[in-house]
Amino acid sequence: MPNNYSRRDFVRYGALIAAGFAVSRDVFALASERPSPDEASPILLGIASYTFRNFNRAQMIGFMKQLNVRALNAKDVKDHLPTDAQQEAAALADYAAAGIKLHAAGTIYFPKDEDADIRSKFEYCKRAGIGVIVAGDPAPETLPRIEKFVKEYDIRFAIHNHGPEDKLWHSPLDVLKAVKNMDPRMGCCIDVGHTARAGTDVVQAIREAGPRLFNVHMKDLRNFESKESQVAVGDGTMPVRKMFEALIAMKYQGFVDLEYEIHPDDPMPGVMSSFTNMRGVLVDLGYVSQSYRISSTEKQEDHFGP
């Protein structure tokens, strides 16, 4: 499949977005001069840069503008957010110029129980002004050392579960057991697809995580027993509405980041459909009006919530 997404496809799938476009509370911040009877959405939608792992930073920025998404969970893949300080600074300048705000980084791996290795990851996120580290597979014995850096840097540490294949953290419930007596900034990133495949009720996991839930990786599956059954959000069996209701009820302050892992060479059709469907759920929940529209060319403020 071609790496360049055509203008015709942009127009075609842009119509999908318009059909169900509902803005999150960050977008409402720019429209104070334009009165609306609607309450801003309590669900903040973002995207994981891993979705665009086969595309460079400039291409990803173009895709995000088309999606009207300005909130990014960045990963050191391609040139999205390099670990080299100088290259990272160049990436941050590009994002700032495009009005894109980084709220999390990951998945970042912590294979060593060593101060130098752990500090380098926290410095990487501090330079980017990122408040949440999405962490992959830290060994339980490293958590007390990591906790010291969480306190020093005041950066939340969200352990990402990776399903039944993960020997350590197959479910967010495993994470919650490990961090329950630790600093409140030690918590989890719930990957809803891996959680469902682990046999854990996703809605219940959200409720149990409560204030220790710092990030959500959003995806959908046709079959909760098959990793290969991923589809656009809303086209599978994931209880999206119930998950949003649970997040709203607990006043979740983090982001729901789409992580679309299939069709890496041509992800935009599925990505656009996913955002349309998620925004449609918010419309159905009554938090935003179906008549409220913002065009892809309209100026947007560089603000994405707390």
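Just so you know, all these numbers are worked out from the coordinates, no wet-lab data involved. Predicted model, so just to flag it, every value in this text is computed and none were measured. In this analysis, Cβ positions are derived from the backbone assuming ideal geometry, glycine residues included, and neighbour counts consider all displayed protein chains.
Note the full-extension length gain between residue 226 and residue 109 as 0.36 nm times their separation in residues minus their Cα-Cα distance, in nm to one decimal. The partial results should precede the final answer.
Numbers: separation 117, 0.36 × 117 = 42.12 nm, distance 2.48 nm.
Answer, rounded to one decimal: 39.6 nm.
One decimal place: the segment residue 141-residue 77 gains 20.3 nm when fully extended, by the rule 0.36 nm per residue minus the C-alpha distance.
Applied to the range 129-142, the Karplus parametrisation 6.51 cos²θ - 1.76 cosθ + 1.60 on θ = phi - 60° returns per-residue 3J(HN,Hα) values of x, 8, x, 9, 9, 8, 9, x, 6, x, 5, x, 5, 8 Hz, with x for Gly and Pro. Here's the picture: a label point sits 7 Å out from the Cα of residue 242 along the beta-carbon direction, and within the range 164-192 the residues with their amide nitrogen under 15 Å of it are 192.
At a Förster distance of 25 Å, what's the computed FRET efficiency of residue 165 paired with residue 97, Cβ-Cβ distance as r, to 0.05? Using R0 = 25 Å, I get an efficiency of 0.05. Given their separation in residues at 0.36 nm each and the Cα-Cα distance between them, residue 90 and residue 263 gain 59.5 nm when the chain is fully extended.
Placing +1 on the Cβ of every Lys and Arg and -1 on the Cβ of every Asp and Glu, with nothing else charged, gives the range 52-139 a dipole about its Cα centre of roughly 500 debye. Ordering 252, 240, 204 by the projection of their Cα atoms onto the charge dipole of the range 176-252, which places +1 on the Cβ of Lys and Arg and -1 on the Cβ of Asp and Glu, puts 252 at the extreme positive end. With R₀ fixed at 30 Å, the C-beta to C-beta distance from residue 207 to residue 116 puts the FRET efficiency at about 0.20.
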